[in-house]
Amino acid sequence: GQQVQQSPASLVLQEGENAELQCNFSSTATRLQWFYQHPGGRLVSLFYNPSGTKHTGRLTSTTVTNERRSSLHISSSQTTDSGTYFCAIERGSNAKLTFGKGTKLSVKS
Amino acid sequence: EAGVTQSPRYAVLQEGQAVSFWCDPISGHDTLYWYQQPRDQGPQLLVYFRDEAVIDNSQLPSDRFSAVRPKGTNSTLKIQSAKQGDTATYLCASSLTGVTGQLYFGEGSKLTVL
């Protein structure tokens, strides 16, 4: 089965609304990262968060390792937040990241 | 500091043709990855190198795909006899061993096979 499952697959918000993106993984992850990809753009790492909660700006990532889940919270969304958000895990120390299928976010003004 | 550079940005082929993609990682990064990203999907690892050595190429379709990194710096991914199913964006990424959470991607090479 799929190792990394993300939900929802897509999400449409009005500017100013909050978003909660979910990531569930089927095996123990030693590392977990959230990435952002602008349409047609490169992937950019948002958070490296194997456990606990991290904040940057309007973004908050919370990973509960023993429950094999992570979330990405976007507060007060802006149109520039539109794009696809990916969760990726690494197992062991082999440096291989396995990505989910992503959540496509569209924020409308 | 220059980021990861890839070329060409776009390629359009007929089935059966060959194409090569080139990647220049961030200077000093010892690990280099090639990912395949089909439209509306997440990236899938094809192969990765540490210096010039292939560490894992288990997901590389070996009959038509090949990748090299001869001097442990730049890398080339070649697809021979392309198929429509190879249509995807090919992403290169680099990192430095021991530095966690720092994986840098290039802009990708978008391949369309007609």
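The table for this structure:
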| quantity | calculated |
| --- | --- |
| Residues that are β-branched (V, I, T), under 13 Å from the mean Cα position of the chain (by Cα), open to solvent by less than 60 Å² (accessible area, probe 1.4 Å) and over 15 Å from A:K96 (Cβ atoms), drawn from the range B:26-77 | B:T76 |
| Residue check, B:G108 surrounded by fewer than 16 Cβ atoms within 10 Å (Cβ to Cβ) and within 12 Å of chain A (Cβ to nearest Cβ) | no |
| Single match in A:T62, A:T53 (criterion: part of a strand (DSSP E or B), under 16 Å from A:S7 (Cβ atoms), β-branched (V, I, T) and out of contact with any Phe, Trp or Tyr (no Cβ under 6 Å at 6 or more places or on another chain)) | A:T62 |
| Long-range neighbours under 9 Å by Cβ, at least six apart or interchain, first residue within 13 Å of another protein chain (Cβ to nearest Cβ) and among the aromatic types (F, W, Y) within the range A:3-29, second in a strand (DSSP E or B) and surrounded by fewer than 18 Cβ atoms within 10 Å (Cβ to Cβ) | A:F25/A:Q5; A:F25/A:R69 |
| Positions within the range B:1-25 being within 15 Å of B:K110 (Cα to Cα) and surrounded by fewer than 18 Cβ atoms within 10 Å (Cβ to Cβ), in sequence order | B:T5, B:S7, B:P8, B:R9, B:Y10, B:V12, B:Q14, B:A18, B:S20, B:W22 |
| Boolean, A:T53 is farther than 17 Å from B:D40 by Cβ and away from every other protein chain (no Cβ under 14 Å) | yes |
| Failed item, numbered, when A:V44 is tested on (1) in contact with a Leu (Cβ under 6 Å, 6 or more places away or on another chain); (2) in a strand (DSSP E or B) | (1) |
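The values are calculated or read from the model by the stated rules, or taken from the named source; none is laboratory data. What you see is a predicted model; the values in this text were computed from it and never measured. We place every Cβ from the backbone using ideal geometry, glycine too, and count neighbours over all the protein chains shown. When the accessible area is computed, the model is the full protein with side chains, heavy atoms only, and any ligands, DNA or RNA have been set aside. Shrake-Rupley method; radii C 1.70, N 1.55, O 1.52, S 1.80 Å.
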